[in-house]
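To start, the structure itself, in C-alpha cells.
Bear in mind these aren't lab numbers, they're just calculated from the coordinates by the rules spelled out. Quick caveat: nothing in here was measured; it's all calculated off a predicted structure. So basically every Cβ, Gly included, is an ideal-geometry build from the backbone, and we count neighbours across all protein chains shown.
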Ligand SMILES: Cc1cc2nc3c(=O)[nH]c(=O)nc-3n(C[C@H](O)[C@H](O)[C@H](O)COP(=O)(O)OP(=O)(O)OC[C@H]3O[C@@H](n4cnc5c(N)ncnc54)[C@H](O)[C@@H]3O)c2cc1C
C-alpha cells in the first residue's frame with residue numbers, strides 16, 4: 001500500500017514525485033511517458049530560471065530529476081496507461097490498461113490534457129493525410145509548401161512560427177476576432193512577410209484526393225463561403241483533459257477538468273488531489289503545473305499524517 005500514487009509524468013507529475021520522495025512518502029509514479037506537452041516545442045522561453053530550453057531538453061531534465069529519487073520512497077512505472085480508479089474503504093485502487101493494479105491511501109492526478117480535434121466535414125478522413133496535430137513531428141514534410149494553421153492561441157502561433165522557417169506561406173485561420181496568444185508572439189509572427197491571418201472564420205470542410213488539398217470556411221461577418229487551396233493543415237484549437245478514468249471517483253467540470261480547491265488542489269473526494277492541465281485552474285503553463293503539484297504535496301503530507 002502506497003502513501004501516495006501520482007498519475008502522470010509531465011511537469012506536474014515530476015514536481016509531485018520530487019517533493020513526495022523528499023518528504024519520504026512511500027510513493028509510486030505511473031505515467032504513460034515521461035514528457036509533458038511542451039516536449040514538441042522548439043524553444044521554451046519562460047521556464048523560470050532558464051532563459052531558453054528546448055521542449056525535449058526540458059522533458060529530459062524533468063525525467064532525470066524524477067529518476068534521481070528512484071529508491072526506497074519512490075517506485076517508477078513507465079509505459080502504463082491508467083484505465084480506472086476505484087475507491088475501496090479508505091483507500092484507492094488504480095487500474096491500468098494492462099490490468100496492473102496499484103493501491104494507495106492518496107492520489108495526485110497529473111495526467112494533463114491532449115489535443116482537441118477539428119470538427120469539420122472530412123476532418124477525420126484526412127487526419128494524417130494532410131491534417132496534422134503536431135508541427136514539430138510533421139512540419140518538415142511540408143517544406144516549401146503553402147500551409148494553414150487553425151487556432152488563435154499560443155500553440156497556434158508557435159506552430160505558425162515554426163512553419164514559417166521553412167514553408168512557402170502560412171495562413172492562420174481563427175474563429176474569433178481576437179487572438180488568445182501572447183502579444184509578443186503574435187507580433188513576431190505577423191512581422192513575417194510569408195504570414196497572413198484570417199479571423200472570424202468558421203471551418204466547414206476539408207477536401208482532397210488521397211491527401212487534403214483545400215479548406216473551406218465561412219466568413220462569420222459576411223456569410224461568404226471561401227475555399228483556400230493548401231498542402232497541409234495544422235490544427236491547434238485547444239486541449240481536452242485526460243481524466244476519463246477518474247470520472248467515477250472525483251467530480252469533473254463540464255469539459256472534464258477535475259474540480260479542485262485552488263487553496264490546496266484538493267479534489268471533491270477526500271484523498272484525491274489534482275495538479276496542472278487536468279485540473280480546473282484558470283491558466284495552464286509548465287510553471288503553474290509544477291506549482292500546483294507542490295501545493296498538493298504539502299497538503300497531502302499533512303493529510304496523511306493526520307490520518308495515521
Ligand atoms: C505546443 C505546446 C507548447 C507549449 N509551450 C509552453 C511554454 O512555452 N511555456 C509554458 O509554460 N507552457 C507551455 N505549454 C503548456 C504546458 O506544456 C502545459 O501547461 C504543461 O505541460 C502541463 O503539465 P501537466 O504536467 O499538467 O500535463 P502534461 O504535460 O500534459 O503531462 C501529462 C502526463 O500524463 C501522462 N498521461 C496522460 N494520460 C495518462 C494516462 N491515462 N495514464 C498514464 N499517464 C497518462 C502523459 O504521458 C504525461 O506524462 C505548451 C503546450 C503545448 C501543447
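The value for the chain of Rg(Cα) / (2.2 N^0.38 Å) is 1.09. Protection proxy ranking for 113-122, 149-158, using the average of other Cβ atoms within 10 Å per residue and placing the highest first: 149-158, 113-122. Mind running the shape call on the stretch 42-148? Use the C-alpha gyration tensor, a ≥ b ≥ c as the square roots of the eigenvalues: rounded below 1.5 for a/c, prolate if a/b tops b/c, oblate otherwise. Judged from the Cα gyration tensor, the stretch 42-148 comes out oblate (a/c at least 1.5, b/c at or above a/b).
Of all DSSP bridge pairs formed entirely within the stretch 69-221, close to 60 percent run antiparallel.
Take the Cα of residue 67, go 7 Å toward its beta carbon, and the backbone nitrogen atoms of the stretch 43-59 under 16 Å from that spot belong to 56-59. For the stretch 157-289, what is the Kirkwood hydrodynamic radius in Å, using each pair of distinct C-alpha atoms? Computed over the stretch 157-289, the radius equals 17.7 Å. Extending 7 Å from the Cα toward the beta-carbon at both residue 202 and residue 166 defines two label points whose distance is 3.7 nm. For the chain, the longest principal axis of the Cα atoms and the long axis of helix 286-306 meet at an angle of about 20 degrees. Spatial offset of the stretch 122-141 relative to the stretch 217-248 amounts to 13 Å, using the alpha carbon center of each. Averaged over residues, the count of other Cβ atoms within 10 Å places the peptides 86-92, 25-31, 291-297, 260-266 in the sequence 291-297, 25-31, 260-266, 86-92, highest first.
Under the definition of Cα pairs under 8 Å and six or more residues apart, what whole-number percent is the relative contact order of the stretch 131-235?
Computed value for the stretch 131-235: 31 percent relative contact order.
The antiparallel fraction among DSSP beta bridges confined to the chain stands at about 45%.
The angle separating the long axis of helix 11-22 from the principal Cα axis of greatest extent in the chain is about 20 degrees.
Ranked by how many other Cβ atoms sit within 10 Å of their own Cβ, fewest first, the residues 167, 134, 278 fall in the order 134, 167, 278.
For the stretch 131-235, give the share of DSSP beta bridges that are antiparallel, in percent and rounded to the nearest 5; count only bridges with both residues there.
About 45 percent, rounded to the nearest 5.
Dividing the helix sum by the residues of the chain, where each DSSP H run of 4 or more adds -39500 (n - 2.57), gives a mean residue ellipticity at 222 nm of -7000 deg cm²/dmol. Length gained on full extension, residue 221 to residue 24, computed as 0.36 nm times the residue gap minus the Cα-Cα distance: 65.0 nm.
Just check the stretch 131-235 against the gyration tensor rule for me: Cα atoms, a ≥ b ≥ c as the square roots of the eigenvalues, rounded for a/c under 1.5, and otherwise prolate or oblate depending on whether a/b exceeds b/c. Oblate shape, in that a/c is at least 1.5 and b/c is the bigger or equal ratio. Assuming R0 = 45 Å, what is the FRET efficiency of residue 115 and residue 302, from their Cβ-Cβ distance, to the nearest 0.05? Calculated transfer efficiency: 0.80.
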